[in-house]
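This is the structure I want to talk about, given as structure tokens.
The values are calculated or read from the model by the stated rules, or taken from the named source; none is laboratory data. Just so you know, these numbers come straight off a predicted model, no measurement behind them. Virtual Cβ from ideal backbone geometry, glycine too; neighbours counted across all protein chains shown. Just the protein is used for accessible areas: all its heavy atoms, side chains included, with ligands, DNA and RNA removed. Shrake-Rupley method; radii C 1.70, N 1.55, O 1.52, S 1.80 Å.
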Amino acid sequence: MRSREVTTGRTFVVVLDHGDDFYTALAEACTENGIHQGYIPMFIAGFATADLVGTCEQLEDPQAPVWSKVHLTNVEALGGGTLAWDDASGSIAPHIHVAVGLKAHSATGHTSHLLDATVQFLTEMIIVEIVEPQLHRQRQADLYDVPLLQFGSHQA
């Protein structure tokens, strides 16, 4: 377990519009407002399409991350996540999870890591900037190379 007290900065309400690519619009909002790290305590969304981490196949190693995706259409979503800064790309590195309901199938639910989405009607989110400590993701070789959130200055 790791924890750090954080100093929060500004808080933003961000609205993504119909047809927006979720991650592109999120990156634009962060760039326009100078947000390099923070968290999204909550967002509500309609997605025309959404790709979530998932599979219907038997897993060879149930402990390993799943890298395949499930493609969904016409969903309502509730989500949140963290935003760290990626020095290599010079952009934010979001980690977003969602719970979605398929509107045409009795709101059948799926919950997982959001890989991609196209906004349908709207996405309304709150972004809270974190001023310090610095947040970054470091791949952990002994845990399937998963990029884990780290605090403080980046260590190569």
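Run down I130, I126 and say which single residue is surrounded by 12 or more Cβ atoms within 10 Å (Cβ to Cβ), in contact with a Pro (Cβ under 6 Å, 6 or more places away or on another chain) and at pLDDT 95 or above.
Of I130, I126, the one residue that is surrounded by 12 or more Cβ atoms within 10 Å (Cβ to Cβ), in contact with a Pro (Cβ under 6 Å, 6 or more places away or on another chain) and at pLDDT 95 or above is I126.
Looking at S106 and the list (1) within 14 Å of the chain's Cα centre (by Cα); (2) on the phi > 0 side of the Ramachandran plot, which single condition is not satisfied?
(1)
Looking at M1 and the list (1) crowded, with 18+ Cβ neighbours inside 10 Å; (2) assigned to a loop (DSSP other than H, G, I, E, B), which single condition is not satisfied?
All conditions pass for M1, except number (1).
Does region 4-39 hold any residues that are open to solvent by less than 40 Å² (accessible area, probe 1.4 Å), part of a strand (DSSP E or B) and either at pLDDT below 95 or closer than 19 Å to Q150 by Cβ (or both), and which are they?
Answer for region 4-39, where residues must be open to solvent by less than 40 Å² (accessible area, probe 1.4 Å), part of a strand (DSSP E or B) and either at pLDDT below 95 or closer than 19 Å to Q150 by Cβ (or both): just G38.
Could you check, for region 73-85, whether at least one of its residues is hydrophobic (A, V, I, L, M, F, W, C) and without any contact (Cβ under 8 Å) to a residue 12 or more places away in the chain?
no
How many residues are open to solvent by 20 Å² or more (accessible area, probe 1.4 Å), charged (D, E, K, R) and within 16 Å of the chain's Cα centre (by Cα) when one looks only at region 40-75?
Of the residues in region 40-75, 1 are open to solvent by 20 Å² or more (accessible area, probe 1.4 Å), charged (D, E, K, R) and within 16 Å of the chain's Cα centre (by Cα).
Let me ask you something else. When residues of region 49-62 are filtered for being in contact (Cβ under 8 Å) with a residue 60 or more places away in the chain and not small (G, A, S), how many remain?
4
Of these, H154, H136, H105, which one is at pLDDT below 95 and surrounded by 19 or more Cβ atoms within 10 Å (Cβ to Cβ)?
Among H154, H136, H105, only H136 is at pLDDT below 95 and surrounded by 19 or more Cβ atoms within 10 Å (Cβ to Cβ).
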